[in-house]
Amino acid sequence: MELVYKHERVLLRALLAAAMLIWGGLALAMPAAALACIVFIFIICACAQSALAAYLKGTGIHITYQQFPDLKARIDVCCRRLGLERIPEAYLLRRRSAVAALMLGRRYIVLQASVVDALEERADAINFYIGHEIGHITRRHQRWLPLLLPAALLPLLGAAYARACAYTCDRHGLHACDDLRSAQSGLAALAAGGRRWRQLDLSGYAEQARQASGFWMSFQELINGQPWLVKRMAALRALAAGAEAAPPARHRLE
């Protein structure tokens with residue numbers, strides 16, 4: 001199974017090209033301003049990462065073989081399955097903001113306690129959650145963030161790349177699981193919450209992806225950095241079925 005979604009590399013190259021054009025144009029027009037912007041962005045990113053890392057270590061629970069050994073064992077297994085030789089530090093948080101996930105994703109595995117608790121009865125589904133986070137690390141999705149930032153703010157292009165990264169990470173999550181059912185359970189918990197996900201009709205939920213091809217659904221997704229959960233569910237099922245099942249309808253920039 002290919003772990004990288006088919007459009008991610010293409011969109012990354014497009015994003016890099018757009019960023020270089022923006023930086024190049026700014027450097028030609030206002031060299032001093034371009035240099036100041038680059039330095040400012042790198043300083044802000046460094047300060048934000050340091051602050052968030054401090055918050056994580058001061059508030060989160062460090063997952064070790066002394067503290068939550070079951071989670072630590074799963075993290076180690078998932079890292080080996082996904083070819084991550086250097087196992088990163090992992091922390092459990094009661095709440096995990098999107099900003100923390102973005103800034104810390106390349107150096108830490110950050111798990112949300114409510115999701116882990118919801119999947120306790122189907123522990124292999126936690127592997128999907130962990131594998132998804134590992135995907136951000138192995139693909140280094142935040143490595144070039146300061147350089148890509150001007151292009152990432154462009155309408156459509158930055159959001160399309162972010163959605164492609166989400167599909168890539170779902171593929172990592174599926175590979176970290178023992179079966180498709182566990183991967184689907186991981187997404188079901190995100191969709192239906194800690195209790196109701198057990199009663200969710202997975203096939204019926206995936207079928208909702210057919211409703212995502214309308215104009216307004218497509219438009220809202222195109223400007224959003226996250227694909228609809230129903231499409232992520234349908235994409236997982238299609239991937240597991242191979243060529244026998246068609247993937248959900250996608251926009252060309254997705």
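The values are calculated or read from the model by the stated rules, or taken from the named source; none is laboratory data. Source: prediction; values computed, not measured. Glycine also receives a Cβ, built like all others from the backbone with ideal geometry; neighbour counts cover every protein chain displayed. The area values use the complete protein model at the heavy-atom level, side chains included, leaving out ligands, DNA and RNA. Shrake-Rupley method; radii C 1.70, N 1.55, O 1.52, S 1.80 Å.
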Which condition breaks for residue 226 when tested against (1) open to solvent by 30 Å² or more (accessible area, probe 1.4 Å); (2) assigned to a helix (DSSP H, G or I); (3) within 19 Å of residue 7 (Cα to Cα)? (2)
Looking only at the range 49-75, count every residue that is under 19 Å from the mean Cα position of the chain (by Cα) and farther than 18 Å from residue 119 by Cα and tell me the total. 4
Can you find even one residue in the range 123-139 that is within 30 Å of residue 21 (Cα to Cα), open to solvent by less than 10 Å² (accessible area, probe 1.4 Å) and not hydrophobic (A, V, I, L, M, F, W, C)? yes
Which of the residues belonging to the range 83-131 are in contact with a strand residue (DSSP E or B) (Cβ under 7 Å, 6 or more places away or on another chain), part of a helix (DSSP H, G or I) and modelled with pLDDT under 90? 100, 101, 104
Of the residues that make up the range 236-244, is at least one of a type in the set (Asp, Glu) and assigned to a helix (DSSP H, G or I)? yes
Selection status of residue 53, closer than 28 Å to residue 15 by Cβ and surrounded by 13 or more Cβ atoms within 10 Å (Cβ to Cβ): yes
Please determine, by comparing only the residues of the range 200-217 that are under 22 Å from residue 240 (Cβ atoms) and open to solvent by 60 Å² or more (accessible area, probe 1.4 Å), which one is modelled with the lowest pLDDT. 213
If I go through the range 168-199 residue by residue, how many of them are of a type in the set (S, T, N, Q) and either assigned to a loop (DSSP other than H, G, I, E, B) or open to solvent by 50 Å² or more (accessible area, probe 1.4 Å) (or both)? 1
Spot the failing condition for residue 38; the list is (1) modelled with pLDDT of 90 or more; (2) farther than 24 Å from residue 178 by Cβ, and only one is missed. (1)
Considering only the range 69-83, I want to know if a residue exists there that is touching a Leu at 6+ places or on another chain (Cβ under 7 Å) and open to solvent by 20 Å² or more (accessible area, probe 1.4 Å). no
Considering only the range 22-40, I want to know if a residue exists there that is more than 19 Å from the chain's Cα centre (by Cα), closer than 28 Å to residue 172 by Cα and not β-branched (Val, Ile, Thr). no
